[in-house]
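Everything on this sheet refers to the single structure shown next.
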Amino acid sequence: MIAGRGRQRIRPPRRGLHGDEIDFENTWSTIASAFREIHTKNASRLSYEELYRHAYKVVLKKKGEELYKRVCDFEHEWLSSEVRSAIQALFSPNLSAGTQSLGGTTANERRVAGEKFFKGLKQAWGDHQICMSMLADVLMYMDRVYCHDHRRPSIYTAAMVLFRDDILHAPTSDVDGKEVLRLLNHVILDQIQMERDGDVIDKHLIKSCVHMLDSLYQDEDEAEDQRLYNTSFEAAYLETSREFYRQEADFLLRDSDAGAYCRHTRRRLYEEEERCRSTLLDVTQPKIQQVVEDELIKNRIHELVEMESGVRFMIDNDRLDELNLIYDLNSRVDDKKAELMRAIQKRIVELGTDINNAAIAASQAPVSAPMPLEAGDKVKAQMPEKSLNQQTVAAIRWVEDVLQLKDKFDKIWEVSFQQDQPLQTALTRSFADFINSPAFPRSSEYISLFIDENMKKGIKGKTEMEVDAVLEKAIILLRYVQDKDLFERYYKKHLCRRLLMNKSISNDVEKAMISKMKIELGNNFTLKLESMFKDMTISEELTSGFKKHVEGLGDKDPKRIELAINVLTSMTWPLETMGSGDDAEGSRPRCIYPTAIERIKRGFEKYYNEKHSGRQLTWLGNMGSADIKAVFPKVPQKDGSFKERRHDLNVSTYGMVILLLFNDLPADQHLTFEEIQAQTNIPKTDLIRNLQSLAVAPKTRILIKDPMSKDVKSTDRFFFNEGFIGRFVKIKVGVVSSGNKVESDRERRETEKKNDDSRGFCIEAAVVRIMKQRKELSHQALIIETLNQLVGQFKPEVNMIKKKIESLIEREYLERVEGVKIDSYRYLA
Amino acid sequence: LRYFSGGGGPTVSSGAKSNLNRQFDKYREDAANNPDGIAIEGTMKYHNDLDISLEDIISLALHEIVQAPAIGELAREGFVDGWTALNCDTLDKQKGYMKNLQNTLPSSKEAFTKVYKYTFQLAKTGNQKAIPLEAATVYWGLLFKSSYSAVKWSTATSPWVDWWEEFLTSSWKKSVNRDMWNETLKFAQMTLQDEDMSFWNEESSWPSVIDEFVEWVKKNHRKEDGAEAMEE
């Protein structure tokens, strides 16, 4: 039973088989008159069943084809006479008047005429559909049997095609032969244009016409993309829209500003989306969006970005919302946002270069008229504080400005660019570009100076969080610096001075900075810095240990000299940056210390050697300082007083050595420069500087120089100044030129040379490491790997790597591999 | 069973070796103090007997054959081994060999390269790693200009050797190490194939002296070429 079910079919009633013969013509005229009634909306009197039976019989008697043809003819006749004339009655000259031909028709007149036309068409179409569905019901048996068996379209479909051919493809008039369909398209486009211009139109009405077009096909195949809507209307719509938006872009770029352009474009995009929903069809939405994006964005983005009120203006005036609009528009047409990115990068580099140039200008501001080279040092001695200070200020200013610029663009990125990843990369690259610009070789030094200044003064009175923010600033900038090795060199130099001269406000902050750098740049980077701190700790222990050791000797000498010592590992500390750097290592003349000092020096050496045998101590007199209690005898003063004065003098070690010479000298005796030099063996430049601070500087004139002048000459004579008056008990005799300032050009060249040398070692070491592991490697691969290995430290020039490879070949660490196509090297064990 | 023997040579040539040893002894100046060496006088005499000039690339080739320790000096081991390997144990055979070499050398890059590379060995003194520039330029002249040279480093339009010398003496001014010496031959051969030096680029592994030379040639001798290239 169940298996039989699938075969069940509804069979037509069989009784008619031997039924009465029918007269086709008679039957058809009955049907036809009924159809006419239907078309004229008089169907209520008709009997569906009767009509159905008529049609059924006809088909049953194999007259289906005849019937089908008659119905089609009937519909053709009906449409091309009755319906067409009704439509034609709706034509008016106002309708076809184009937007361009303003010949007397106002938009309003056109709209009214258009709406009338739409209504007529809608009516005709609606009627046709209703009538045809009634007809189709009557002719159901024909559809089912005749059409199905003969592969004919259903009568309903055939009638729709007829509507297309007899109404839409009909000429509007005998004269210009324009089709109704084209007129319809034209009128819809005209109305949409009105809406774009701000008029209100009857969207529903248009939509019903659109639906009509959507349900008719271009040809008999009825392919999905061959709907009249697509083939006829949509194509025209996209084309006219393209033209409209092209002109609109021209107009807007000429008469509007970039922000308004963006807002307008955005509104247009929204409008078009809305239009597809309310007036047209959703399928058009992506297509029209493409058109608007092409014409208003893609083809114009460059002009838009470059407008006077474009990206540059927006950046400079913090127009975050407008930048966001541009970002939004640009990302619609270009994943990479290339235009926006380019403009942003350009502006960053411009602003950054301005900051760089301002820093250079500020650092060169003082009247540093070009001096002959010999005079250079003296000039430096006289007015160094001010000009060097100015440079430090320039350095700090530079750091602040760059940070401010970064804040600005960070905000833009966050607010306007929706934290876009590629743009962030681009921003970073641009910052790195100007920070590492070859025209501005000072970034490393400036950042280090910024930290130095804060360590010495800036962080005073700040909370832990504020201090942390300052350190973080430095780290932010440091991230951009390509040549980390150069920064390390400056940092070491500045740190060295801070530590040895006790300038640092807080050891904890120093250490916090180091650990931040460690996180950012790795262990290797901070290794030497940390060992500097270690040296300082060990030195403290040594000092106190030695003090105990001396006390333990039992020799209680009230005149005993106390020694505080810093033992510095020679490779770790950039000692050449402290004071006289012009003596080559090793050839530094040994200072002759006064016997009391010499004794304690020996004592310490012995003590140290007991603790660490085999280490050599080199005394750096140019770097130390001494506290001396000085007694100035009773001599008549200018103010008439007459008493002994005691001062605690803080002088450099060399200053102390010089002053002690005068201890053994009667008051009226003198020492010449040459005598002092001979008795102390202090290097000439150091001696000059120390004598300047002891005999020339107005507040610390403990010696009298004869003749009195600013320059110290080798023939000058020096006396002890018995009449010295100091306002304070404690007097610090500063030695000319010290402290962390921006380097002079000569110093910078030296630093760079040193840096190049140490880079040379790094490169060689990297090359050897790589080759040792790989044994054989092509030239290209070796260069690339070397660059990779060094990326965290600095970016070596390829030429430098090449030279180092050559040098390694010469020293037979490497050889060229003979007879291979690609230039390669082999490691020689 | 297989026997390992040091090649067929030793037994066959033991007679040849003693011939060569005797020939070597003949040229010695000071058998007592320098029993295994021949100095300049003997070397010159040997050259005369072979009918070759001491100031020619052929002489350098001879030096290479006998692995002479320096110019104008011969050592027994190299002399005997060198000629033994070539099966020339009499003066006549040697003379014939050298005559033949004169004919084949100009067309044999391989033989020339051997001579060229050995010349560096000859030109340096003692344990030095490099040869002085003046010496190097003399040898380059000898090697690249000789009519017997397989690499005559100049063309109708580009007198390369002269440029090379001019560049080295005016801007380079340093001594020449082995790598530079060997790479120069490679470079010379490539310039002869490609006058415009399009084989060269900054990324390749040429020693920096050659990079600088390329720049120098382009700047000083290739201005017109550059302009033409622009027009194209």
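The values are calculated or read from the model by the stated rules, or taken from the named source; none is laboratory data. Remember, predicted model here, so these are calculated numbers, not experimental data. Cβ: placed from backbone, ideal geometry, glycine included. Neighbour counts: every protein chain shown. Each accessible area value is taken on the protein alone, full model and side chains, heavy atoms only, with ligands, DNA and RNA left out. Shrake-Rupley method; radii C 1.70, N 1.55, O 1.52, S 1.80 Å.
Helix A:653-663 axis versus longest C-alpha principal axis of chain A: approximately 20°, rounded to the nearest ten.
Under the simplified labelling scheme, the residue A:178-residue A:618 pair shows an inter-label distance of 10.0 nm, with each label point 7 Å from Cα along Cα→Cβ. Simple rule: put +1 on each Lys or Arg Cβ and -1 on each Asp or Glu Cβ in region A:745-827, find the dipole, and look at A:814, A:800, A:773; the Cα lying farthest toward the positive end is A:773. Solvent-accessible surface of region A:745-827, averaged per residue with a 1.4 angstrom probe and all protein chains in place: 57 square angstrom. Solvent-accessible surface of region A:223-315, taken per residue with a 1.4 Å probe and all protein chains present: 46 Å². Placing unit charges on the Cβ atoms only, positive for Lys and Arg and negative for Asp and Glu, gives region A:131-186 a dipole magnitude near 200 debye about its Cα centre. Within the assembled protein chains, the solvent-accessible surface assigned to residue A:803 is about 90 Å², based on a 1.4 Å probe.
Specify which residue in the list A:700, A:447, A:198 is farthest towards the positive end of the charge dipole of the protein assembly as shown, using unit charges on the beta carbon of Lys, Arg (+1) and Asp, Glu (-1), about the Cα centre. Of the candidates, A:700 comes out farthest on the positive side. Remark: the residue A:92-residue A:148 segment gains 15.8 nm on full extension, using 0.36 nm per residue and subtracting the alpha carbon distance.
Rounded if a/c is under 1.5, else prolate if a/b is larger than b/c, else oblate: which is region A:623-732, with a ≥ b ≥ c the root eigenvalues of its Cα gyration tensor? Prolate, because a/c is 1.5 or more and a/b exceeds b/c.
FRET efficiency for the pair residue A:795 and residue A:549, taken as 1/(1 + (r/R0)^6) with r the Cβ-Cβ distance and R0 = 45 Å, rounds to 0.35. Chain B against chain A buries an accessible area of about 1200 Å², both chains summed, 1.4 Å probe radius. Charged side chains reduced to their Cβ positions (Lys and Arg at +1, Asp and Glu at -1) give chain A a dipole of some 4000 debye around its Cα centre. Here the accessible area is traced with a 1.4 Å probe on the protein chains. For chain A, carbon and sulfur cover 51 percent of it. Residues in region B:85-232 average 52 Å² of solvent-accessible surface per residue, probe 1.4 Å, ligands and nucleic acids excluded. Of the residues A:70, A:182, the one with the largest accessible area comes first in the ranking A:182, A:70, computed with a 1.4 Å probe on protein heavy atoms. Taking a ≥ b ≥ c as the square roots of the eigenvalues of the alpha carbon gyration tensor, region A:68-216 is prolate, as a/c is not under 1.5 and a/b beats b/c. On C-alpha positions alone, give me the angle between the axis of helix A:320-333 and the longest principal axis of chain A, in degrees, nearest 10. Orientation of helix A:320-333: about 60 degrees from the principal axis. In chain A, a dipole from Cβ-located charges (positive for Lys and Arg, negative for Asp and Glu) runs towards its positive end, and of A:607, A:392, A:180 it is A:607 whose Cα lies farthest in that direction. Just the number, please: carbon plus sulfur as a percent of the accessible area of region B:167-226, 1.4 Å probe, no ligands or DNA/RNA counted. With neighbouring chains kept in place, the figure for region B:167-226 is 46 percent.
A probe of 1.4 angstrom, applied to the heavy atoms of all protein chains, finds residue A:591 with accessible area near 20 square angstrom. Once the partner protein chains are put back, region B:114-143 shows a loss of at least 20 square angstrom of accessible area, versus the chain by itself, at B:117, B:129 (probe 1.4 Å, ligands and nucleic acids excluded). Principal axis extents of the Cα atoms in chain A, from largest to smallest and rounded to whole angstrom, are 161, 70, 55. Residue ranking by accessible heavy-atom surface, 1.4 Å probe, largest first, among A:619, B:172, B:181 comes out as A:619, B:172, B:181. Starting from the Cα gyration tensor of chain B, take the square roots of the eigenvalues, sort them a ≥ b ≥ c, and report rounded, prolate or oblate (rounded when a/c is under 1.5, otherwise prolate if a/b is larger than b/c, else oblate). Cα axes put chain B in the prolate bin.
Any idea what angle helix A:523-552 forms with the longest principal axis of chain A, computed on alpha-carbon atoms, 0 to 90 degrees, nearest 10? Its long axis makes an angle of about 30 degrees. When the other protein chains are added to the chain by itself, burial of at least 30 square angstrom of heavy-atom accessible area (probe 1.4 Å, ligands and nucleic acids ignored) affects these residues of region A:800-829: A:802, A:803, A:806, A:810, A:816, A:818, A:823.
Note down the accessible area of residue A:214, probe 1.4 Å, to the nearest 10 Å². Ignoring ligands and nucleic acids, residue A:214 comes out at about 40 Å².
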